[in-house]
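Notes to accompany the following structure.
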Protein chains: 2
Amino acid sequence: MSREVALTREEREARARVEGLGIDIDAFAAVSNVFRVANAVRNYMERNLLAEYRLSFSGFTVLWVLWVWGPKESNVLAEESGISKSTLTGVVKTLEGLGFAARRPHAADGRRVLVEATEKGMATVREIFPRFNALEGEITRDLSTAEKEELARALRVMLHTVEA
Amino acid sequence: MSREVALTREEREARARVEGLGIDIDAFAAVSNVFRVANAVRNYMERNLLAEYRLSFSGFTVLWVLWVWGPKESNVLAEESGISKSTLTGVVKTLEGLGFAARRPHAADGRRVLVEATEKGMATVREIFPRFNALEGEITRDLSTAEKEELARALRVMLHTVEA
DNA sequence: TTGAAATCGTTCGGTCCCTGACGATAGGAT
DNA sequence: ATCCTATCGTCAGGGACCGAACGATTTCAA
């Protein structure tokens, strides 16, 4: 059922180089292409959309999480954004500088800090997200709906294994 | 043909939040899961394998490219490693510090610089790559061979679209 | 009630990563 | 022979990124 798709030159040459070393080529192809796509799409989004708002990919991700779930403790926000606590500190600092987010002390626990999107931050996500999603559509335009679903499913399986 | 795989809690809640905004859910699911997996696997590799050699993911990537293709001009090396020229300057500097790579002036063109892996660098890749690939196998162990091939194929299609 | 242990967010040091600007070198046209 | 332009790798500046160490606060056991 699989239409032919040419391997890139890099992939062809790499295969030739590792031939006969007992390498699991299918695992190699699957994983390395995940990195290649993630890298390419990340750069694409930053250059063609996010730069306009002076947002990095991480900055947008954090803001998006805040938009979806509302105010969150740093702790949880870092976890859901897929970055470390210490990185989040810096990203939120940048977001504050842009007027997109604010910090608020926790009412009951003096150690904790709540991060929330400002009204400006919320408005910005409302503006960006549909455009972001439109680009996602562009990027996946040569895949059928079934193929997109199957792709997402396979990735969820991997995620489940890695995060176990 | 698609076995059931539970959406993560994050994905379920995010869908609920963006419902009715005319969002292309399939494109959203496909792309966002690429990022989640890339992130998770990158961290996994750095923590469980690369840290042992004091290599970052990028450092390993560059060294691997050198191992596969031999000495390369900075220019081309950056391109194949998926990073910018200026980033490569820093990464190669780190690799030099670790004794894994060396710089050599181009014979005919005074502007160019050739980067090559040292013997120690080559030996290190020979040692790491099979272990790296074994982890790739682990990570994809719950996908059939056909599913891995289909995953790689779908990603190549996206790559072709983004890099066009 | 008080001291030990756990947990919180931040800081620190080091690397990665980008864009934009730069000096150096090369190559082609006059 | 000498400009003009293109291309090379690097540097500067700003932000992202991590693990480890840290002070502040909370919690729990004695």
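Every read-out reported here was derived from the displayed coordinates using simple, explicitly stated rules and does not represent laboratory data. Keep in mind that what you see is a predicted model, and the values were worked out from it rather than measured. Positions of Cβ are backbone-derived with ideal geometry, glycine not excepted, and every protein chain shown enters the neighbour counts.
Return the distance in nm (one decimal) between the two label points of a simple spin-label model at A:Arg103 and B:Thr87, each offset 7 Å from Cα along Cα→Cβ.
2.8 nm
Nearest 0.05, what FRET efficiency do B:Glu13 and A:Glu79 give at R0 = 22 Å with Cβ-Cβ as r? Can you show the working numbers first?
Working: r = 14 Å, r/R0 = 0.63.
Efficiency for this residue pair is about 0.95.
With each run of n ≥ 4 DSSP H residues scored as -39500 (n - 2.57), what mean residue ellipticity at 222 nm is computed for chain B after dividing by its residue count and rounding to the nearest 500 deg cm²/dmol?
Numbers: 7 runs with 107 residues, N = 164.
The helix-only estimate for chain B comes to -21500 deg cm²/dmol at 222 nm.
Check every DSSP H run in chain A and write down those whose alpha carbon atoms cover 24 angstrom or more along the long axis and whose mean Kyte-Doolittle hydropathy is -0.5 or greater.
Working: long enough: A:25-48 (34 Å, 0.05); A:119-139 (30 Å, -0.26); A:145-162 (26 Å, -0.05).
TM-like helix candidates: A:25-48, A:119-139, A:145-162.
Please give the FRET efficiency for A:Val5 paired with A:Trp69, using the beta carbon to beta carbon distance and R0 = 30 Å, rounded to the nearest 0.05. Write out the running numbers ahead of the final one.
Numbers: r = 37 Å, r/R0 = 1.24.
According to the calculation, E is roughly 0.20.
Give me the extension gain from B:Arg111 to B:Thr145: residue separation times 0.36 nm, minus the current Cα-Cα distance, reported in nm with one decimal. Show your work: numbers first, answer last.
Numbers: separation 34, 0.36 × 34 = 12.24 nm, distance 4.63 nm.
Additional length available on full extension: 7.6 nm.
Defining the label point at 7 Å along Cα→Cβ, can you sort the distances from A:Asn48 to the same site in each other copy, shortest first, in nm?
The projected label point of A:Asn48 is separated from its counterparts by 3.4 nm.
Across chain A, how many lysine pairs, 8 or more apart or on two chains, come within less than 16 Å at their alpha-carbon atoms?
4
How are the C-alpha pair distances of chain B spread across 10 Å bins, as whole percents from the shortest bin up?
Cα pair-distance distribution for chain B, in percent: 8, 29, 30, 20, 10, 3, 0.
Using alpha-carbon positions, what is the distance between the centroids of region B:1-73 and region A:79-94, in Å?
Result: 18 Å between the Cα centres.
With a cap of 16 neighbouring Cβ atoms within 10 Å, and only residues DSSP puts in a loop, list the trypsin sites (Lys or Arg not before Pro) found in region B:102-164. Walk me through the intermediate numbers first.
Values: sites: B:Arg103, B:Arg111, B:Arg112, B:Lys120, B:Arg126, B:Arg131, B:Arg141, B:Lys148, B:Arg153, B:Arg156; in loops: B:Arg111, B:Arg112, B:Arg141.
For trypsin sites (Lys or Arg not before Pro) across region B:102-164 that sit outside H, G, I, E and B with at most 16 neighbouring Cβ atoms in 10 Å, the list reads B:Arg111, B:Arg112, B:Arg141.
Measure off 7 Å from each Cα along the Cα-to-Cβ vector at A:Phe57 and A:Glu119, then give the distance between these two points in nanometres to one decimal.
For the pair A:Phe57/A:Glu119, the computed spacing is 3.3 nm.
Find, to one decimal place in angstroms, the Kirkwood hydrodynamic radius of the protein assembly as shown, where the mean of 1/r is taken over every pair of different Cα atoms and then inverted.
Values: mean 1/r = 0.0468 Å⁻¹.
Every distinct Cα pair counted, the radius reaches 21.4 Å.
If you filter region A:1-104 for GluC sites (Glu not before Pro), then keep DSSP loop positions with at most 14 other Cβ within 10 Å, what is left?
On the way: sites: A:Glu4, A:Glu10, A:Glu11, A:Glu13, A:Glu19, A:Glu46, A:Glu52, A:Glu73, A:Glu79, A:Glu80, A:Glu96; in loops: A:Glu4, A:Glu19.
For GluC sites (Glu not before Pro) across region A:1-104 that sit outside H, G, I, E and B with at most 14 neighbouring Cβ atoms in 10 Å, the list reads A:Glu4, A:Glu19.
Just to confirm the numbers: A:Glu96, label point 7 angstrom along the Cα-Cβ line, distances to the other copies in nm, shortest first?
Its label point is 3.9 nm from the equivalent points in the other copies.
Under the convention of a label 7 Å out along Cα→Cβ, give the distances in nm from A:Glu149 to the same position in every other copy, shortest first.
In ascending order, 2.3 nm.
When only DSSP loop residues count, what trypsin sites (Lys or Arg not before Pro) in region A:10-89 have their Cβ near at most 14 other Cβ atoms within 10 Å?
Working: sites: A:Arg12, A:Arg15, A:Arg17, A:Arg36, A:Arg42, A:Arg47, A:Arg54, A:Lys72, A:Lys85; in loops: A:Arg54.
Of the trypsin sites (Lys or Arg not before Pro), the ones in loops of region A:10-89 whose Cβ has at most 14 other Cβ atoms within 10 Å are A:Arg54.
To confirm my reading of the symmetry, which residue of chain B has the Cβ nearest the axis that brings B onto A, and what whole-Å distance does it have?
B:Ala38, 2
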